[in-house]
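Structure first, commentary second.
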Amino acid sequence: MIELTDDRTHEGLREAKLAQAAVAQEQHGHVADTNTGISNRKLLMWVFLASDCLFFGSFIATYLVYRNESLVGPYPNEILDIPLTSVSTFVLLMSSLAMVLALNYVQKDKLGLARFWLLAVVVLGLGFLGFQVFEFMTFVDEGLTIHQNLFGTTFFILTGFHGLHVFVGVLWLLGMFFAHSRGALTSRSAEDLEMAGLYWHFVDIVWIVIFTVIYLIGYSDGEGVKTIEHAATLIGG
Amino acid sequence: MANPISRLWSKIFYHGGNRHFLLPNVDAAHPDPPNEGPFGDAGPVVAGWLNGLTYGDKVATPIFYTIVGAILAILTVLEVWFFTLDDGFGVLFVPTMLVLALAKFIIVVAFFMHLRFDKSLLSLIFAAGFVIAIAIFMIFLSIQDKVNPAPLIAP
């Protein structure tokens, strides 16, 4: 085996790293000058998103722990509106598509198209919030408040915090849109939009879980069991 | 010297006349067979095809993202359709829904959030958060007897 001197090893590694960085830069934009090759802001954003998984994971777990435990109505099977929520889910998914298209066009310096898709994200995000406000108001009209029962408490806390995340995302993207209008957003500063995009997509994936677990799977949830006799009544005995 | 019939017999059935069966000249006959595995040489071909399909500047275009968005929309429609079927899945309903949700989750994280294209350290960080969240989730449900609830028995 040929022993390389430290210089040759170091030079070879350096050349390999440079070649790798050149390929990555050509394919996916800027490569940060850090130990990891990832910009500190991007790394921080991913750490934040990982921690946000724990935040929402706790709320979803709490919701599931108190499933079928409400002793007074309204219960999920009486109040959840699946067609309406399916439409709002579709709106949020499409906003994610609009977001990734906006970023793609910014990276390619096609700023007109980027601006259009960025506005589309804001409009679709506001649309989702509109659906959620309508849903909350309908629930309150039908007697489900945050104080009414365990379902109301866990449902409003979980979906409310998600809605708050969407609201913050809309404000962030509106800021990006106005910055874009002033010419502050170009391919050189595409990472600014990428950060907002990562946050927005995360909000989307949280909703993917909420929609499945709380709405589709949890739709059949009903009254909690109070006594043995009550259980017998519930199962028709 | 062996007669012609014996020579022919050895030539056809034995390896070099040393009474080992003549094995067909396949990859497995080599001391270090290439593409060893249950799928033979299909593995690298499929891997290369998947890599080409999901990675690279040639595919990370608006059309590519639009196709990914369409797949997400189709999965959502499937979810809602399965939900509307009356007992169409029975006990498989919950696993089916979870698999579809997981597929959508992975697609968004891999392509829209660019983890498929980014450095693997980012995937590791996010996966760590996700796995810890799921672990907390399962521990939480377990200590509340929600995973395998005890049967309701009259005192």
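Neighbour counts of C-beta atoms inside 10 Å place A:V209, A:V166 in the sequence A:V209, A:V166, starting with the fewest. In terms of surrounding Cβ atoms within a 10 Å radius of their Cβ, A:S96, A:S187 rank from fewest to most as A:S187, A:S96. If you wrap the Cα atoms of region A:38-236 in a convex hull and average its projected area over all directions, you get 12.1 nm². Across all Cα atoms of region B:74-126, the radius of gyration (one decimal) and Dmax (whole number) stand at 14.6, 44 Å.
Values in this text are rule-based calculations from the coordinates and carry no lab data. Note that the coordinates shown come from a computational prediction; the quantities given were computed from them, not determined experimentally. Don't worry about glycine lacking a Cβ; one is built from the backbone with ideal geometry, like all the others, and counts go over all protein chains shown.
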